[in-house]
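Undergrad: Can you keep this structure in mind? I'll have questions shortly.
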Amino acid sequence: MIENLKGMHETVNYKKDTNLRLYNNEQAEDYPMHWHTPMEIIMPVENTYSVITGRHTITMEPYDIIFICPGVIHELKAPARGRRIIFQAEITMFHSIHEFEAILSIMAPALKISKNDTPAIYQKIYNLILQINEEYNRINNILMETVIYEKLLNIFILIGRNYTNNLRHDGTGYKKHKEYTEKFISICNYINEHCTEDLSLEEISSIAGFSKYHFTRLFKQFTTTTFYRYLNQKRIEHAQKMLADPGIPVTEVALSSGFQSLSAFIRMFKLINQCTPTEYRNMFIHFTLD
């Protein structure tokens with residue numbers, strides 16, 4: 001359930017003295033477009049559940065697991081009857097880890113883990129979710145938050161290693177695979193830091209030391225998206241931070257975020273967030289004023 005919703009922003013009521021919230025949800029209720037600062041993990045245990053991000057609807061069967069990244073605008077659609085575990089956790093402390101941004105980029109805006117799609121890691125992540133649920137609900141549990149964050153970090157490691165394994169192909173040994181993984185983590189971090197600049201596929205593939213064709217294929221394997229989609233996502237994330245300041249004109253936000261024109265910025269922003277930059281700013285301002 002959404003306990004505190006102002007406009008599109010959900011303020012999460014964390015468990016006392018923690019940055020965690022977990023509950024077993026049985027409400028047959030659809031939740032409108034909203035966003036929040038913690039990561040959200042949902043696992044249906046009875047009946048299906050649907051998550052909508054942008055133009056994409058992700059239908060979940062019982063025991064599928066979805067990760068919704070912080071700040072992502074999404075909707076939730078529940079069946080007439082059902083039950084699901086909903087877990088929310090602030091993950092800002094993980095951003096100081098060098099590889100974490102690359103892992104988060106793999107997961108953005110939302111990532112579904114299932115028996116069929118990700119059999120190599122599904123069972124381990126499923127078990128960790130159950131352990132988090134048990135740990136959270138245990139009475140008089142000393143160091144509960146620390147234990148849960150340790151399990152959450154293990155989940156991120158499993159996801160990161162599973163998707164970097166996509167870089168392995170026939171004839172590529174361990175050393176080459178390790179080299180590619182380290183290189184693409186470095187490339188993702190470079191794009192994250194320089195996304196507001198005039199980056200091109202040719203430039204980044206040259207920095208990586210690959211031909212444009214080879215880089216395009218490996219980048220898609222590593223991040224599950226294309227170079228330009230990844231770049232635009234990072235530019236929009238940068239723009240969202242600037243839009244929080246009402247004193248910065250939207251045109252300045254667009255140009256400072258790496259877009260060549262206001263129209264291109266608005267089009268991309270709406271494609272990713274399903275709202276215009278002005279609507280997003282108003283939503284943010286209303287939240288901070290309330």
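The values are calculated or read from the model by the stated rules, or taken from the named source; none is laboratory data. A quick note: this is a predicted structure, and the numbers were derived from the prediction, not measured. Glycine gets a Cβ as well: all are built from the backbone with ideal geometry, and neighbour counts include every protein chain shown.
Undergrad: Out of 262, 243, which single residue is in contact with a Pro (Cβ under 8 Å, 6 or more places away or on another chain), surrounded by 13 or more Cβ atoms within 10 Å (Cβ to Cβ) and at pLDDT 90 or above? Give the steps one after another, and end with the answer.
TA: Numbers: 262 fails: in contact with a Pro (Cβ under 8 Å, 6 or more places away or on another chain).
The unique qualifying residue is 243.
Undergrad: Another question about this same structure. Is it fair to say residue 11 is under 24 Å from residue 106 (Cα atoms) and at pLDDT below 95?
TA: Spelling it out, it is not the case that residue 11 is under 24 Å from residue 106 (Cα atoms) and at pLDDT below 95.
Undergrad: Still on this model: Output yes when any residue across segment 197-216 is at pLDDT below 90, aromatic (Phe, Trp, Tyr) and buried (at least 18 other Cβ atoms within 10 Å of the Cβ), and no when none is.
TA: Looking for residues that are at pLDDT below 90, aromatic (Phe, Trp, Tyr) and buried (at least 18 other Cβ atoms within 10 Å of the Cβ), one finds none in segment 197-216, hence no.
Undergrad: Within segment 135-144, identify whether any single residue is within 19 Å of residue 99 (Cα to Cα), surrounded by 14 or more Cβ atoms within 10 Å (Cβ to Cβ) and either at pLDDT below 95 or among the aromatic types (Phe, Trp, Tyr) (or both), and answer yes or no.
TA: Among the residues of segment 135-144, not one is within 19 Å of residue 99 (Cα to Cα), surrounded by 14 or more Cβ atoms within 10 Å (Cβ to Cβ) and either at pLDDT below 95 or among the aromatic types (Phe, Trp, Tyr) (or both), which makes the answer no.
Undergrad: Of the numbered conditions (1) in a strand (DSSP E or B); (2) under 22 Å from residue 114 (Cβ atoms); (3) at pLDDT below 95, residue 34 satisfies every one except a single condition; which is it?
TA: (2)
Undergrad: Can you say whether residue 53 is among the polar types (S, T, N, Q), over 22 Å from residue 149 (Cβ atoms) and without any contact (Cβ under 8 Å) to a residue 60 or more places away in the chain, as far as the supplied structure shows?
TA: Taking the combined requirement at face value, the residue satisfies it.
Undergrad: Looking at 41, 68, 52, 85, which one is in contact with an Asp or Glu (Cβ under 8 Å, 6 or more places away or on another chain), within 22 Å of residue 133 (Cα to Cα) and β-branched (Val, Ile, Thr)?
TA: On the way: 41 fails: in contact with an Asp or Glu (Cβ under 8 Å, 6 or more places away or on another chain); 52 fails: within 22 Å of residue 133 (Cα to Cα); 85 fails: in contact with an Asp or Glu (Cβ under 8 Å, 6 or more places away or on another chain).
Exactly one residue qualifies, and that residue is 68.
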